[in-house]
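The values are calculated or read from the model by the stated rules, or taken from the named source; none is laboratory data. All values derive from a computational prediction rather than experimental measurement. Don't worry about glycine lacking a Cβ; one is built from the backbone with ideal geometry, like all the others, and counts go over all protein chains shown.
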Amino acid sequence: MNKYVTFTGFVKEYSDVEEILKNAAVAVAPYVDDDKTYTRYTDPTKPKDYMAYGIPVVITKVPQVAYEIEKNKCGFAILYNKQELVDAISTLLTDDRIWLEFKRNTIAMAKKYTWNKIFNKAFMDTLYK
């Protein structure tokens, strides 16, 4: 498994993260949905970073972006369940058609999250409401 999977742990420098993402085929964003987590109330940037590099995402159905990823066919939104995780990753790594479709979709979806678009929308929504 170590030949194909890299568990990096915390990476201090973002430039190192970018190098890792350049070579990735699938990204996994497992968030636990319990009383101790705040992720369901946030908008995590990691899934968007993954998509900016065209990496299909396997994400748990905790943050709202998981549902957007699923809806836009950028990856799989799953429950926090080992078998669902295995199935989603296996599908992406063995079905070239799905992987390529999701890869294309991730790039398109990531374009919606540029800072210019986010700030312009926020300013327009604030100024013209």
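Quick rundown of the values:
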item	result
Pick from the stretch 77-91, criterion free of Cβ contacts under 8 Å to residues at least 40 places away in the same chain and in contact with a Lys or Arg (Cβ under 9 Å, 6 or more places away or on another chain), ranking: surrounded by the fewest Cβ atoms within 10 Å (Cβ to Cβ)	Leu79
Any hit, the stretch 74-93, residues being within 17 Å of Val5 (Cβ to Cβ), out of contact with any Ser or Thr (no Cβ under 6 Å at 6 or more places or on another chain) and among the hydroxyl-bearing types (Ser, Thr, Tyr)	yes
Tyr80 among the aromatic types (Phe, Trp, Tyr), farther than 26 Å from Ile118 by Cβ, part of a loop (DSSP other than H, G, I, E, B) and within 16 Å of the chain's Cα centre (by Cα)	yes
In the stretch 95-129, the residues that are among the hydroxyl-bearing types (Ser, Thr, Tyr) and outside any loop (DSSP other than H, G, I, E, B)	Thr106, Tyr113, Thr126
Listing of helices (runs of 4 or more DSSP H) fully contained in the stretch 1-76 that carry 1 or more residues being free of Cβ contacts under 8 Å to residues at least 12 places away in the same chain	14-22, 65-71
Selected residue (criterion: nearest to Pro47 (Cα to Cα)) from residues of the stretch 1-27 that are among the hydrophobic types (A, V, I, L, M, F, W, C) and touching a helix residue (DSSP H, G or I) at 6+ places or on another chain (Cβ under 8 Å)	Ala27
The lone exception for Leu100 - which of (1) touching a residue at least 24 places away in the same chain (Cβ under 8 Å); (2) under 17 Å from Lys22 (Cα atoms); (3) not aromatic (Phe, Trp, Tyr) it fails	(1)
Residues of the stretch 1-41 that turn out to be modelled with pLDDT of 90 or more and farther than 25 Å from Ser90 by Cα, as a count	6
Set Lys112, Lys48, Lys121, Lys117: member being at pLDDT below 95 and within 10 Å of the chain's Cα centre (by Cα)	Lys48
